[in-house]
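Okay, so here's the structure we're looking at.
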Amino acid sequence: RYPADLRNSVTYRDAPWKSEIGRWLSGCDLNVTSVSIIEKIAGRSCKNGCSNQGVCNHELGLCRCFHGFTGDGCSERLQLNCNYQVSKEQPYGRWVVSMCPAHCDTSRSMCFCGEGTKYPNRPLAESCGFKIMPASEPGGLRFVNWTVKDENVFTKNGSEPGWCNVEPGDAYASRAIFKEECDCKYDGLAGRFCEVPVQSVCINQCSGRGICRGGFCQCDSGWYGVDCSVPSVKSSISEWPKWLRPAYLNLLENTMNLNAVVQKKNPLLYIYDLPPDFNSLLLEGRHFRLQCVNRVYDDRNATSWTDQLYGAQIAIYESMLASSHRTLNGDEADYFFVPVLESCLITRAGNAPHLSLKDHHYLRSSLALDFYKKAYEHVMQHYPYWNRSSGKDHIWFFSWDEGACYAPKEIWSSIMLVHWGNTNRKHKNSKTAYWADKWSSISEDRRGNHSCFDPEKDLVLPAWKNPHQFSLEAKLWASRPRDERKTLFYFNGNLGPAYESGRPEDTYSMGIRQKLGAEFGSSPNKEGKLGKQHTDDVIVTPLRSDRYQEEIANSIFCGVVPGDGWSGRMEDSILHGCIPVVIQDGIYLPYENVFEYRSFAVRIQEDEIANLTSILRHINETEVEVKLSNVRKIWPRFLYRDSILLEAERQNNTIRLVEKWAKEFLELQGDDVFATLMQILHYKLHNDPWRRKISSEKNKQYGLPAEC
């Protein structure tokens with residue numbers, strides 16, 4: 001019924017899947033029906049009600065304590081200093097991001113102007129509070145003296161560069177000067193002088209059932225969870241989220257729990273409500289508000305999307321939490337998601353003394369490994385589900401540069417969501433040029449001897465991309481027909497040490513970008529030379545362009561090569577209608593183990609880079625048109641549309657604002673990243689061989705025809 005085409009793909013919902021997957025989805029995923037699921041609404045209490053310094057997990061009866069508090073009932077106060085131990089030579093301790101010469105908020109290790117100033121709650125972050133020294137020679141750079149407090153920032157004299165006593169109105173009217181190095185790095189504040197309080201970023205903005213306190217959701221009574229989306233028995237049924245309605249209720253005798261029968265479609269996801277160390281505390285304690293998030297809020301409290309590539313980790317988490325595939329009953333679940341915000345951990349690593357990397361020899365990869373292992377230990381201690389499949393039905397997201405390379409050996413049986421699909425068949429060791437992220441030196445007794453990616457069980461997801469309004473309105477993925485694409489091949493990015501401002505390491509990009517520059521460079525290198533095979537219709541340049549998106553849309557083929565691990569070039573190509581040319585041997589790209597890449601992409605071996613243009617010119621026009629056509633069909637699957645629409649709905653509900661990006665996304669058609677992930681998990685649920693050995697699943701209702 002579903003024959004494969006000449007490239008051995010079967011199309012399902014506009015995507016060219018590998019034939020066996022496309023056939024199953026066409027005949028089965030398309031015809032899935034709802035089944036009755038028992039949802040467990042919990043009612044366990046927590047010690048002392050968490051002392052109003054945390055949120056009670058009513059399923060486990062455990063507190064999730066706010067930043068700076070700990071203990072069974074969140075009654076113990078932590079002392080999180082901003083500075084390391086001081087000495088005569090270092091009166092503020094050795095350098096750390098949180099270093100503070102004024103008032104330290106020891107609940108979060110954050111620095112503020114403090115008492116005695118006009119604006120005591122104004123951030124005094126990083127170099128703002130320290131003396132800036134003049135350059136030692138003409139044309140040189142100024143530098144920060146981290147041993148000397150800058151007394152000028154506390155001045156009340158408007159003719160000196162102050163900060164803590166500067167009246168915003170005076171500064172805006174040029175009646176007072178201020179220190180340029182001072183700004184609003186912390187989340188929750190806007191305006192040049194941090195004078196406008198705005199929303200901080202919380203997971204799903206607390207679902208409208210709590211307040212966001214710097215990144216941690218303080219839930220309303222009767223609600224809990226990282227985003228306040230889980231009702232307890234004390235909640236109002238009329239306020240339950242969409243994914244729990246309509247429900248038929250049954251109060252269980254001699255318990256504090258309530259059963260609710262809900263109609264749902266498989267696959268079903270159970271999402272662990274981990275301790276806040278793995279999520280909320282990492283958000284609440286951010287020293288730079290753009291760290292690891294896909295959005296912040298401006299002085300209108302309107303959404304401002306970021307270019308933070310690691311934002312996918314939060315986007316997919318938020319979609320799962322609000323999804324109709326979510327279940328609160330682990331006994332009904334097909335999969336278990338373990339939400340560790342590792343990108344927030346790594347970007348914050350070393351930002352404050354309590355986040356010290358010293359025990360890990362300053363390797364962020366080693367710190368992250370321990371972090372995931374602690375999450376595994378929590379799951380093993382408090383839940384019964386891991387041993388059901390030895391973790392094979394559990395899902396972890398590793399969003400950093402080299403993906404799951406440093407996953408602890410205890411969790412390797414699970415499904416790994418990554419951006420870097422290195423099978424290690426060719427590139428066996430750590431490939432990042434940044435020493436703190438290298439994982440090759442981590443011992444086998446901690447990491448094991450696994451690869452970074454196993455295409456039989458793992459999946460590469462697209463990176464987060466800012467939903468640029470210009471690209472959406474211009475419809476760059478579809479607006480350029482073949483005859484208007486004048487550039488044969490395009491790549492714009494760092495090309496290594498041969499170019500001005502290039503990365504100095506020869507190992508950067510595994511040498512691939514350097515080879516591209518040497519052969520086809522269209523901008524002069526440090527020696528003033530172009531690439532050996534430079535031609536007018538090939539652009540390989542390190543020079544940033546204000547027309548980057550249009551230049552991709554005007555090209556037929558676009559380079560997809562690594563950076564420090566993965567890069568976002570695949571997403572750039574697809575989202576602007578360009579045929580991706582993948583040059584990274586043994587490394588899987590987004591969906592490559594489920595989509596038939598020959599339908600829309602070209603793969604070239606690393607040792608064939610010198611033949612790149614010859615290979616591309618020999619692809620016939622019919623094949624080019626087929627690939628371009630498929631790129632135009634699959635591009636929505638490289639966008640986190642579901643997460644973006646959730647934010648659009650929140651913005652409309654809270655400040656009655658519907659911006660152009662929201663309107664554009666509401667009009668988009670096609671399956672996005674989250675929908676694609678659910679389709680893949682549905683296929684795996686009925687086709688992974690190990691599933692047939694789980695006796696508890698044999699009598700389960702799936703809402704599918706028998707042949708599926």
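The values are calculated or read from the model by the stated rules, or taken from the named source; none is laboratory data. Since we're looking at a predicted model, the values are computed, not measured. Cβ: placed from backbone, ideal geometry, glycine included. Neighbour counts: every protein chain shown. When the accessible area is computed, the model is the full protein with side chains, heavy atoms only, and any ligands, DNA or RNA have been set aside. Shrake-Rupley method; radii C 1.70, N 1.55, O 1.52, S 1.80 Å.
Before moving on, here are some points about what is shown:
- Single residue of CYS217, CYS182, CYS212 found to be part of a loop (DSSP other than H, G, I, E, B), at pLDDT 95 or above and surrounded by 24 or more Cβ atoms within 10 Å (Cβ to Cβ): CYS182
- Qualifying residues in region 83-114 (those that are in contact (Cβ under 8 Å) with a residue 60 or more places away in the chain and in contact with an Asp or Glu (Cβ under 8 Å, 6 or more places away or on another chain)) - the one nearest to CYS182 (Cα to Cα): VAL97
- Residue tally, condition buried (at least 22 other Cβ atoms within 10 Å of the Cβ) and more than 20 Å from HIS576 (Cβ to Cβ), over region 521-562: 1
- Against the list (1) surrounded by fewer than 24 Cβ atoms within 10 Å (Cβ to Cβ); (2) at pLDDT below 95; (3) out of contact with any strand residue (DSSP E or B) (no Cβ under 6 Å at 6 or more places or on another chain); (4) part of a loop (DSSP other than H, G, I, E, B), the condition LEU472 fails is (4).
- Exactly one residue out of ILE587, ILE619, ILE583 is surrounded by fewer than 18 Cβ atoms within 10 Å (Cβ to Cβ) and among the β-branched types (Val, Ile, Thr): that is ILE619.
- Scanning region 358-391 for residues that are open to solvent by 20 Å² or more (accessible area, probe 1.4 Å) and under 23 Å from the mean Cα position of the chain (by Cα) turns up TYR362, LEU363, ARG364, LEU367, ASP370, PHE371, LYS373, LYS374, TYR376, HIS378.
- Looking only at region 600-614, and only at residues there that are in contact with a Lys or Arg (Cβ under 8 Å, 6 or more places away or on another chain) and not in a helix (DSSP H, G or I), the one that is surrounded by the fewest Cβ atoms within 10 Å (Cβ to Cβ): VAL602
- Unmet criterion (only one of (1) closer than 29 Å to CYS292 by Cα; (2) open to solvent by 20 Å² or more (accessible area, probe 1.4 Å)) for TRP163: (2)
- Within the option set ARG64, ARG77, being among the charged types (D, E, K, R), in contact (Cβ under 8 Å) with a residue 24 or more places away in the chain, under 30 Å from ARG289 (Cβ atoms) and touching a helix residue (DSSP H, G or I) at 6+ places or on another chain (Cβ under 9 Å) holds for one residue only, ARG64.
- The set of residues in region 554-575 that are touching a Phe, Trp or Tyr at 6+ places or on another chain (Cβ under 6 Å) and in a loop (DSSP other than H, G, I, E, B) comprises ASP564, TRP566.
- Total residues in region 56-107 satisfying the condition of being more than 17 Å from PRO275 (Cα to Cα), open to solvent by less than 60 Å² (accessible area, probe 1.4 Å) and not polar (S, T, N, Q): the figure is 14.
- For region 545-604, filtering for residues that are among the polar types (S, T, N, Q) and under 19 Å from the mean Cα position of the chain (by Cα) leaves 1.
- Selection status of TYR376, in contact with a Pro (Cβ under 6 Å, 6 or more places away or on another chain) and modelled with pLDDT of 95 or more: no
- Meeting the requirement of 2 or more residues that are within 24 Å of ASN165 (Cα to Cα) and β-branched (Val, Ile, Thr), the strands (runs of 3 or more DSSP E) wholly within region 35-151 are 143-149.
- Test: GLY568 is modelled with pLDDT under 95, closer than 30 Å to TRP435 by Cβ and either touching a Ser or Thr at 6+ places or on another chain (Cβ under 8 Å) or open to solvent by less than 10 Å² (accessible area, probe 1.4 Å) (or both): yes
- Residues of region 43-55 that are touching a Phe, Trp or Tyr at 6+ places or on another chain (Cβ under 8 Å) and buried (at least 22 other Cβ atoms within 10 Å of the Cβ): GLN53, GLY54, VAL55.
- Among residues that are without any contact (Cβ under 8 Å) to a residue 24 or more places away in the chain, within 28 Å of ILE583 (Cα to Cα) and not in a helix (DSSP H, G or I), SER440 is included.
- The number of residues in region 273-301 being closer than 19 Å to GLU59 by Cβ and crowded, with 21+ Cβ neighbours inside 10 Å comes to 6.
- When each of GLY225, GLY191 is tested for being buried (at least 23 other Cβ atoms within 10 Å of the Cβ), touching a residue at least 40 places away in the same chain (Cβ under 8 Å) and not hydroxyl-bearing (Ser, Thr, Tyr), the lone residue that passes is GLY225.
- Hey, GLU596 surrounded by fewer than 20 Cβ atoms within 10 Å (Cβ to Cβ) and either touching a residue at least 24 places away in the same chain (Cβ under 8 Å) or under 20 Å from ASP537 (Cα atoms) (or both) or not: no
- Residue check for SER479: out of contact with any Ser or Thr (no Cβ under 9 Å at 6 or more places or on another chain), open to solvent by 70 Å² or more (accessible area, probe 1.4 Å) and of a type in the set (Ser, Thr, Tyr): no
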